[in-house]
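For reference, the structure is listed below as structure tokens.
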Amino acid sequence: MSAQEPEAMGIKEARKGIRAMDEAMTWLLRIRDGSLSERDLAEWTVWYESDERNKRAFDEMQEFWIGSGALAAGPAGRERIQGLLDEGLTRLQMQPARGVGKRWLVPLALAASIALVGFILHALVPKPVRPASSVPTHPTLVRETLLPDGSRVELAPMSVLQVNYTSTERRVVLRTGEAYFSVIHDPVRPFILSVNGVLIRDVGTAFNIRDADGRTMVTVVKGAIDVVSGGKAGAIRVTAGEQVDWGPDARPALTQADVARALSWRDGRLEYVAQPLASVIADVNRYAHRPVVIGDKSAGEILFTGTVFTRTADDWVQSLPNEFPLELISNGGASLVLASRPASRNPPGP
């Protein structure tokens, strides 16, 4: 092999990486603006699965979009992103010609896509501005994520998803939290969500799922889902306007849903009707600056009906002893303990 061949190979690999990033951004923009037909999505799947370089490029572009807070959205968003992309690609394409040593050509090829994402992120993401008040700012209330097939999911804070897509199925695990899914139906590659040992199969739908203190509730907004809990019960078909919920020791139960209440968290409200405080606190902890630990079973079993505004979750927690026979105890750490108040400390009746 001549001395020039390794250099030529390095430049070739770098150009492949750059081309993959260019194609990944094009696909991502098309998926997000909803312009893909089913045939287009099939082509995207072939492109995505055909080369590890393509997978890496698309995943990095998707992480960039999520990390930027979708700042590219709006009438001029596509043009703004494309302009930054073109400038980044130009910079990367020029690098091999700047006297880069031969031993650095292969690392350059591997780093090209990461460098491009870093360049665009630096240009798009605004620098943090310290608020006038010394009170810490609240975390983002709703984080939207685009899944590899174009399906969308909105996540509440502290919610954790695990995604594993293959050529035969799309499998997602909700580890904790709350999420709203808008799923693109694909009969060839079913969408399967797993939570607390229960499988949820999409039948072309939009649905909300909430997991708190071992209790799970799924509300279907559009279409239908099949819920499979094992045993001999088989699958439960849940259609729009219905919900299914279950706890650690209970089978899924089907009821009519209050869809507006189930989705209120996306607008900064948590609404409850006769829900155990343990379950409510599990939700509120995703928004509070100082998490709360339930100190005893009696405290967690108190039923709560009302609304918690996520931006004032800490104030709501502090108000609980005024509404219920409870007390808040500082454990000396980063959390608070919510416990039943001894009868001797309860105020006398009227």
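If packing is taken as the mean number of other Cβ atoms within 10 Å per residue, what is the order of 143-150, 162-169, highest first? Don't skip to the end; give the middle numbers.
Working: 143-150: 18.0, 162-169: 11.5.
By packing density, highest mean first, the sequence is 143-150, 162-169.
How many percent of all Cα-Cα pairs in the stretch 268-345 sit more than 21 Å apart? Before the final figure, lay out the partial values.
Values: 536 of 3003 pairs.
Within the stretch 268-345, distances greater than 21 Å cover 18 percent of Cα pairs.
At 0.36 nm per residue, and after removing the present C-alpha to C-alpha distance, how many nm does the segment from residue 301 to residue 239 gain when stretched out fully?
Roughly 19.3 nm would be gained on extension.
About the Cα centre of the stretch 231-350, how large is the charge dipole given +1 on each Lys and Arg Cβ and -1 on each Asp and Glu Cβ? Please answer in debye to the nearest 20.
Details: 12 positive and 13 negative charges, 43 e Å.
So the magnitude is around 200 debye.
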Cα convex hull of the stretch 143-257, projected area averaged across orientations, nm²
6.7 nm²
Dividing the mean separation of Cα pairs under 8 Å (6+ apart) by the residue count of the stretch 143-257 yields a relative contact order in percent of 16 percent
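Values in this text are rule-based calculations from the coordinates and carry no lab data. Owing to the predicted nature of the structure, the values given are computational and were not obtained by experimental measurement. When we count neighbours, we look across all protein chains shown, and the Cβ atoms used for this are built from the backbone with ideal geometry, even at glycine.
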